1. Stick to Cα atoms and the Kirkwood definition of Rh, then tell me Rg/Rh for segment 47-101.
2. Express in nm, to one decimal, how much length is gained between Ile216 and Glu87 on full extension, taking 0.36 nm for each residue of separation and deducting their alpha carbon distance.
3. Once the convex hull of the C-alpha atoms of segment 213-279 is built, how many Å³ does it hold per residue, rounded to a whole number?
4. How long are the semi-axes of the equivalent ellipsoid of segment 91-161, defined as square roots of 5 times the Cα gyration tensor eigenvalues? Whole Å, largest first.
5. Calculate, for Ala230 and Glu167, the FRET efficiency according to 1/(1 + (r/R0)^6) with r their C-beta to C-beta distance and R0 30 Å; round to the nearest 0.05.
6. List, in order, the whole-Hz ³J(HN,Hα) value for each residue of segment 147-155 obtained from phi through the Karplus relation with A = 6.51, B = -1.76, C = 1.60 and θ = phi - 60°; use x for Gly and Pro.
7. Summarise the long-distance tail of P(r) for segment 67-127 by giving the % of C-alpha pairs beyond 14 Å.
8. Could you please rank Ser269, Ser154, placing first whichever residue has the fewest other Cβ atoms within 10 Å of its Cβ?
Amino acid sequence: MRIIDKIRKDGIHISLEVFPPKTEAAYESVMDAVDRIGALKPSFVSVTYGAGGGTSKNTAAIAAHIQNDLHVPSLAHLSCVSSTREEVSHHIRELKQLGIENVLALRGDIPQDSNFPAPGQYRYACELIRQIKEEADFCIGAACYPEGHVESASREEDVRHLKEKVECGVDFLTTQMFFDNGILYNFLYRIREAGIRVPVIAGIMPVTNGKQITRICKLSGTVLPQRFLAIVDKFGNNPKAMTQAGIAYATEQIIDLAANGIRNIHIYSMNKPEVAAAILENLSEIVD
Ligand code: FAD
């Protein structure tokens, strides 16, 4: 099923995420997590591509497994920054052959110590989106950044480029994680003012490793509210307590989003079915 058709329907839609194994040895445990995440029957499961600790290998196969064997819509991420146009064409053909209907089109982070952009290299996600539109009929998602992308000189400039990206043929957007819902509400106001009309899926990260997230957020410029920092300070060295607090924080964020009319929410579940299940249990009377 095309994700755009699913998320336009009434109700609150919660999607989940997995990442492919980094090594062959981890394959079985990742597939077990994938099956358990699929069993939670989210609105769709997205599968990352060379991010979150996984590699790009297996993204297509795992997305096909979720869609064809678990009967849950899947979203295959595809990033282009480290690929040639021929390699991307090959991936697009592979996704088509597997019957994949939904692709999240990404540029990817610029590799360190590289002469970016090398001749022929992709510079922005919009180039990938144009290629996908020429070569396939996927429902296309793209990334957006409520706090502005780290490379952008200003939020206004980032929204201008986001509008250009959407006009290349994007059906929906998924946000980068944020920990203060006010930031999302302000972003939605700004992009609607700019004329971006496609549905936006709000990305929520349940934090289970406080120290790691503090590091990642520093790099990406994500603001960590005082209330969240106090939780990390207090429970960051106690994984079980941090997980419980992370689940509660994510649950509260989602309840506030739902109460303010946000119907599409993506949980960055990171191969942790027990965390996703705990949040969904907390929302059992809120999400159908
Ligand atoms: P772009 O949309 O190309 O934007 C990159 C920067 O260029 C921005 O600052 C933008 O303002 C600017 N820009 C865009 N177009 C133009 C233009 N025409 N002219 C000038 N400037 C322009 N990474 C992975 O490797 N694998 C994944 O699976 C993955 N999944 C993700 C999922 C989500 C929901 C999100 C939010 C991010 C994900 N990422 C993933 C990270 C992403 O690849 C990085 O954030 C990357 O740095 C930017 O990718 P993009 O597609 O947003 O790029």
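Quick note: the coordinates plus some simple rules give every number you see, no bench work behind them. Everything quoted here is computed from the prediction, not taken from an experiment. Please note: Cβ atoms are built from the backbone with ideal geometry, for glycine as well, and neighbour counts cover all protein chains shown.
1. With Rg and the Kirkwood Rh in hand, the quotient comes to 0.96.
2. Full extension from Ile216 to Glu87 adds 43.5 nm.
3. 110
4. Whole-Å semi-axes of the equivalent ellipsoid: 25, 17, 10.
5. 0.10
6. 9, x, 6, 4, 7, 7, 5, 8, 5
7. Result for the distance tail: 60 percent.
8. The fewest-first ordering by Cβ neighbours comes to Ser154, Ser269.
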